[in-house]
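Input: a single structure, listed below in structure tokens.
Any read-out appearing in this document is the output of simple, stated calculations on the displayed coordinates, not a laboratory observation. Because the structure is a prediction, the values reported are computed rather than measured. Neighbour counts are summed over all protein chains in view; Cβ atoms, including those assigned to glycine, are modelled from backbone coordinates with ideal geometry.
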Amino acid sequence: MTKPKQKIAFIGTSYIVLCEPGYEDKTFESEKTYKGFYHNDKNLRFSSKMNMIRALSERYPEYTLYNCSEGGHGPDLYAKRVYELMERYNPDVFVIEITDGERYTLHFNDEYHYDWEKHFPIQIWEGGVPMNKDEPFREYDKPLLDTVHGFLSCDELNGMWDEKGILANFTATEWVAFQRLVSQLENGVHSRHSDNMAVYKLIDHYLKTHNKDVHWFRWHADQHTVSIPYNFQMLRDDTPMIEWEYYRKFGNQPHRQQLISLGEKYEDHFNTFCYDSGSHLKSKYMSDFSQYFDPLFINE
Amino acid sequence: MSKSYSFIGTSYLHSCEDQYHNSNNLRFEFQTNLIQAVSEKHPSNIIYNCSEGGHGITTYFKRLLTLLDRYDPDVFVFEIPNAQRILAHTDNEYGENYDIHFPVQIWHAGKPQNLDEKFRTVSASIIDDSQVLMEPNELNQYWTEHTNMPFHLGSKQWQGYVKVLSTFNDGEKSRFLDTIAQCEVINDFLVSKGKEVFWFSWKPNGLKIDSDKLTLFKPHSISEWKYEQDIGKVTNPEVARQHLKQFCYDDNHLHSKYMPKFAEYFDKIFK
């Protein structure tokens, strides 16, 4: 009898669900170049045709991997995702990203409530092949409140809100207060993370009491980082992805106290593998970097 | 031995009319509240009121962990928060010095037990649709106080912000979906620790709480309970909302003189 595939669910953010615009792939060939964009606009659930979890799935074809991640959003949405994953797929293992940044989700309409399944950001991968390519997905993502909005032009801000269905046609002057406020959010990231950590503790407990193997990881760690609970299983001994890559290349893992001053150095190095300056990997490096998650499979 | 109770909620459990406002002791900024009335009715129990106006479900997790760590109460009663309640942290004091932000009031026989416990001067800031109704000078004052940056902006400069806030109500049901999932995670955690856990809401929002995991009060909203007591079965949530107004000093929050009566809502969990 064939052993059933082990099922591993990943919950996270853009770092594990995006790739660079322009990535093409035969799996999605019939859907390319809609309105001149390379992104997969006809299949928004797989708007990035490659991502870290797909790369991992290619390397471990004997597993079913669920990638339940969405760019920008944070742990406010994790509880609902966890329940849905449990109910639909009952995965054996959960791998969850401890988020960085502020990540405040806003809701401006009731679509997420009435049409939740279209907002459930699930991708199912087996052997690098998407298994739920035809599952409908929402057209517009929920808006966010983000420090970055403090640096956008008024046209960009108007465009951003228009895209979310909020008619905005304001001048730079009329956006002044909004931009001043959101630019303050980065000053409270440690406070935000301290609330988030309490959320993670209870999610960890919930999953463990339902006999799940739970692993946590971080992409970044900086001065805002909140202490990790002693009973968390942290991937790579709590070495975040961008530091792990640095040590892999240069060795010499420094004492934790030195990490803060080295933060920029790690990030500069990591960004040489990224398509932006925000630590988002280019697709061609994903297979290599997906080794970060190998302990999940080796220890099985 | 009498059980100890903790209530975690929002302004509905924390505030009263201005007459009893006390700016000299911010932990007990309102000298009475619904939970004090509950405490007076049940004098043999220690009651922790861990509620704060404007703050929502994202702050409940840390509050309950701190309650467990400090006091290990036997029973938890939660208000399911309504509205969006975006806590917008603009500094790190809350994260680094949580003890002075932990909004606990300890009540015994209607008397406060931790009057001298230090409390923060300014709460963590909120981005809330109630700010749509604020005048520019009020917005300037609120955000100057909460960011330590001077705000001297005119109505034109606040327009974009107010526009964004004015759409918050339209997404309340979506927020509620995440809120219920978070309530369920909290419930599961506390039940596994051997705690009794109960949930209620203040006003019905027209949504059925579709959860077989939560032990809800019957009826689950206090406004429906009051309507049923006074008039009869609620057929339309809106009439219950309207009925509640006459007991409030601002259409939403209870006037202190009605608190003893409303405290009866919680009687069954003390039996």
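In this structure the amide hydrogen of B:G53, modeled in the peptide plane, comes within under 5 Å of the amide hydrogens of B:S11, none closer than 5 places in sequence on its chain. Taking a sphere under 15 Å around the Cβ of B:V162 and counting the other residues whose Cβ falls inside, with K and R at +1 and D and E at -1, yields a net charge of -3. Rounded to the nearest 500, the 222 nm mean residue ellipticity of the protein assembly as shown from helices alone is -9500 deg cm²/dmol, with -39,500 (n - 2.57) taken per DSSP H run of at least 4 residues.
In this structure the amide hydrogen of B:E17, modeled in the peptide plane, comes within under 5 Å of the amide hydrogens of B:S256, none closer than 5 places in sequence on its chain.
Indicate, rounded to the nearest 5 percent, the antiparallel portion of the DSSP beta bridges found entirely in chain A. If I count the DSSP bridges inside chain A, around 35 percent turn out antiparallel. Each Lys and Arg contributes +1 and each Asp and Glu -1, all at the Cβ; summed about the Cα centre of chain A, the dipole is approximately 700 debye. Remark: the stretch B:117-122, residue by residue, has Karplus-estimated 3J(HN,Hα) of 6, 4, 9, 4, 7, 10 Hz, where x stands for each Gly or Pro and the curve is 6.51 cos²θ - 1.76 cosθ + 1.60 at θ = phi - 60°. A dipole drawn for the stretch B:1-125 from +1 and -1 charges on Cβ atoms has a positive end, and of B:S123, B:I47, B:H21 the residue lying farthest that way is B:I47. Between A:R103, A:R138, A:R88, the GNM of chain A built on Cα springs shorter than 10 angstrom shows A:R88 fluctuating the most. Using a/c under 1.5 as the rounded threshold, could you call the stretch A:49-112 rounded, prolate or oblate? The axes a ≥ b ≥ c are square roots of the C-alpha gyration tensor eigenvalues, and prolate needs a/b larger than b/c, oblate otherwise. Prolate is the answer for the stretch A:49-112, as a/c is 1.5 or above and a/b outweighs b/c. Annotation note: chymotrypsin sites (Phe, Trp or Tyr not before Pro) in the stretch A:52-156 located in DSSP loop regions with a Cβ neighbour count of at most 13 within 10 Å are A:Y140.
Only sites in a loop by DSSP and with at most 14 other Cβ atoms within 10 Å count here; which GluC sites (Glu not before Pro) in the stretch B:164-207 make the cut? Taking the stretch B:164-207 and a limit of 14 other Cβ atoms within 10 Å, no loop GluC sites (Glu not before Pro) are found. Taking θ as phi - 60° and the Karplus parameters 6.51, -1.76 and 1.60, the scalar couplings of the stretch B:30-44 work out to 10, 6, 9, 6, 4, 6, 4, 4, 4, 4, 5, 6, 10, x, 8 Hz in sequence order, x denoting glycine and proline.
Seen through its C-alpha gyration tensor, with square-root eigenvalues sorted a ≥ b ≥ c, the protein assembly as shown comes out prolate because a/c lies at 1.5 or above while a/b is bigger than b/c.
Largest GNM mean-square fluctuation among A:N196, A:N231, A:N51, using chain A with Cα springs under 10 Å: A:N231.
Highest mobility in the GNM of chain A, judged by mean-square fluctuation with C-alpha springs under 10 Å and restricted to A:G263, A:G159, A:G251, is found for A:G251. When only alpha carbons are used to place a centre, the stretch A:198-228 and the stretch B:117-157 end up 33 Å from one another. Among the trypsin sites (Lys or Arg not before Pro) found in the stretch B:155-260, those both in a DSSP coil and sparsely packed, with 13 or fewer other Cβ atoms within 10 Å of their Cβ, are B:K193, B:K208, B:K233.
Shielding of peptide A:70-79 by partners, expressed as the average count of other chain Cβ atoms within 10 Å per residue Cβ, is 3. If both residues of a DSSP beta bridge must be in the protein assembly as shown, then about 40% of such bridges are antiparallel. Taking θ as phi - 60° and the Karplus parameters 6.51, -1.76 and 1.60, the scalar couplings of the stretch A:182-194 work out to 5, 6, 7, 4, 5, 6, x, 5, 4, 4, 4, 5, 5 Hz in sequence order, x denoting glycine and proline. Report the local net charge at B:D267: Lys and Arg +1, Asp and Glu -1, summed over other residues whose C-beta lies under 13 Å from its C-beta. That works out to +3.
The H on the amide N of A:V95, modeled in the peptide plane, is under 5 Å from the matching H of A:A9, A:F10, A:I11, A:H215, each at least 5 residues off or on a different chain.
Think of each Lys and Arg Cβ as +1 and each Asp and Glu Cβ as -1; about the Cα centre, that makes the dipole of the stretch B:124-231 roughly 120 debye.
Which order do A:M52, A:M197, A:M241 fall in if you start with the one that has the fewest other Cβ atoms within 10 Å?
A:M197, A:M241, A:M52
Please work out whether the stretch B:1-60 counts as rounded, prolate or oblate from its C-alpha gyration tensor, where a ≥ b ≥ c are the square roots of the eigenvalues and a/c under 1.5 means rounded, while otherwise a/b larger than b/c means prolate and anything else oblate? Note, shape of the stretch B:1-60 comes out oblate.
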